[in-house]
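Report on the structure given below.
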Amino acid sequence: MSLDQTTLLEQTEKKVRELLANDLPSSFVFHNYEHTEEVVQVCQELGELAGLDKAEMRNLLLAAWWHDTGYIKGADDHETKSCAYARQFMELIGYSESDIQSVLSLIMSTHRDYTPTTLSEKILHDANHAYLGRKRFERSGALLRLEIESNQHRAYSQEEWQKHLLNLQLSTKFLTTWGQQKYLSRKNRNTAQA
C-alpha cells in the first residue's frame with residue numbers, strides 16, 4: 001500500500017462523507033455521518049489509551065469510518081453491506097488482503113448479536129455505544145426513535161419507547177476499562193433518568 005496512514009484516513013473520511021451525504025436515505029437521522037464521526041473520534045481516543053500499535057489503530061479507524069455505511073441500503077444486515085462498501089474502497093486503493101480482512105472482521109463485530117473478543121473489537125463496541133454515556137443522550141435517543149419509527153413504519157408510545165431505551169441501556173455494557181471510565185457513570189445517570 002502506497003498511502004501513508006494520514007492520507008489513507010483522510011481519503012476514507014472524504015469517501016464516507018460523500019457516500020452518506022449523497023446516498024443515505026434522509027430517514028436515517030441517527031446512523032449518519034455525525035454518529036460515524038463520533039465513533040471514529042472515540043475509537044481514536046480509546047485506541048490511544050489502550051496503546052494500540054499503528055496498524056491496529058489504522059484498521060480500527062477504517063472500520064469505524066465504514067461500519068454503518070451499509071445503512072445506505074437499509075438497516076437489515078447493514079454490517080455485511082458496510083463490508084462491501086469498505087472492501088470496494090480498500091481494494092481500489094491497494095490495501096492488503098490481510099488488512100482488508102481485519103477491517104471487515106471489525107465491522108462485522110458491530111452486529112448486535114456478536115460478542116466482541118479482541119481489544120480492537122471491544123474499543124469499537126464501546127465507541128459505537130458511547131452515546132449511551134453522554135450528556136446529550138436524550139437527543140440521541142430521540143433521533144434513534146425517529147429513525148426506527150420512520151424505517152420500520154411503527155409508532156412507539158412514550159411508555160414503549162422508554163422501555164425500549166431502558167432495555168438498551170441495561171443490556172449494553174462498556175467492555176474496556178477506558179470506556180467504562182469515560183462513559184459508565186453518565187450512562188448510569190441516563191439510565192436512572194429513563
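A short reminder: the numbers here are calculations on the coordinates, not readings from a lab. Quick caveat: nothing in here was measured; it's all calculated off a predicted structure. When we count neighbours, we look across all protein chains shown, and the Cβ atoms used for this are built from the backbone with ideal geometry, even at glycine.
For the pair I93 and R139, the difference between a 0.36 nm per residue extended length and the Cα-Cα distance amounts to 12.8 nm.
Note on segment 75-194: along the principal axes its Cα atoms extend 49, 37, 22 Å, ordered by decreasing extent. By the Cα gyration tensor, segment 1-67 has an equivalent ellipsoid whose semi-axes, rounded to whole angstrom, run 23, 15, 7 from largest to smallest. Under 27 Å of direct C-alpha separation, and excluding same-chain neighbours fewer than eight residues apart, K73 reaches these lysines: K14, K15, K81, K122.
Helices in the chain, meaning DSSP H runs of at least 4 residues, each add -39500 (n - 2.57). Divided by all residues, the mean residue ellipticity at 222 nm is -21000 deg cm²/dmol.
Charging the Cβ of each Asp and Glu at -1 and of each Lys and Arg at +1, and nothing else, the dipole of the chain about its Cα centre rounds to 740 debye.
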